[in-house]
Amino acid sequence: MGLGLLHFDVRVINDDGWPLLESDDGEELMHVEPGVAVALGSRPMESPGTLYVTSRRVIWLSDADKGKGYPVDFLSLSLHAVSRDLETYPFPCIYTQVFDL
């Protein structure tokens, strides 16, 4: 898998509707959080989807647009924090910076 914010061109899921993991490399599903919206930079917030946290990456898949999703390898997350400051952003959120090596 490449580093940085990637786009799923084709949703690869298992029979449960979850993203297909790289189990040959030991990737395991650790947590599933439904109802998560994503805001990238100054673009409008994406409609809610499901956030999957694995042992290697974070994967967000849109519920509304089955062709939209973003996987991010943990090595690409340079900063993260929980923000509850509604003056900064209108909703509580997790702030991350994603970079390419």
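The values are calculated or read from the model by the stated rules, or taken from the named source; none is laboratory data. In this text the structure is predicted, and so the values were computed from the model without any measurement. Here Cβ is always computed from backbone atoms with ideal geometry, including for glycine, and neighbour counts include all displayed protein chains. Areas reflect the complete protein model, heavy atoms only, side chains present, ligands, DNA and RNA absent. Shrake-Rupley method; radii C 1.70, N 1.55, O 1.52, S 1.80 Å.
Tabulated values for the structure
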{"quantity": "Every pair of residues 6+ apart whose Cβ atoms lie under 8 Å, when the first sits in region 28-39 and is closer than 14 Å to Gly69 by Cβ and among the small types (Gly, Ala, Ser) while the second is modelled with pLDDT of 90 or more and in a strand (DSSP E or B)", "calculated": "Ala37/Gly49"}
{"quantity": "Residue that is nearest to the chain's Cα centre (by Cα), among those in region 77-90 that are more than 18 Å from Trp60 (Cα to Cα) and not charged (D, E, K, R)", "calculated": "Ser83"}
{"quantity": "Positions within region 14-60 being more than 20 Å from Phe99 (Cα to Cα) and among the β-branched types (Val, Ile, Thr), in sequence order", "calculated": "Val32, Val36, Thr50"}
{"quantity": "Candidate set: region 49-71, residues that are in a strand (DSSP E or B), in contact (Cβ under 8 Å) with a residue 24 or more places away in the chain and touching a Phe, Trp or Tyr at 6+ places or on another chain (Cβ under 8 Å); chosen: the one farthest from Val36 (Cα to Cα)", "calculated": "Arg57"}
{"quantity": "Out of Glu27, Glu46, Glu87, sole residue that is assigned to a loop (DSSP other than H, G, I, E, B), modelled with pLDDT of 85 or more and open to solvent by less than 50 Å² (accessible area, probe 1.4 Å)", "calculated": "Glu27"}
{"quantity": "Search result, residues across region 90-101 that are outside any strand (DSSP E or B) and either open to solvent by less than 80 Å² (accessible area, probe 1.4 Å) or within 18 Å of Asp16 (Cβ to Cβ) (or both)", "calculated": "Phe99"}
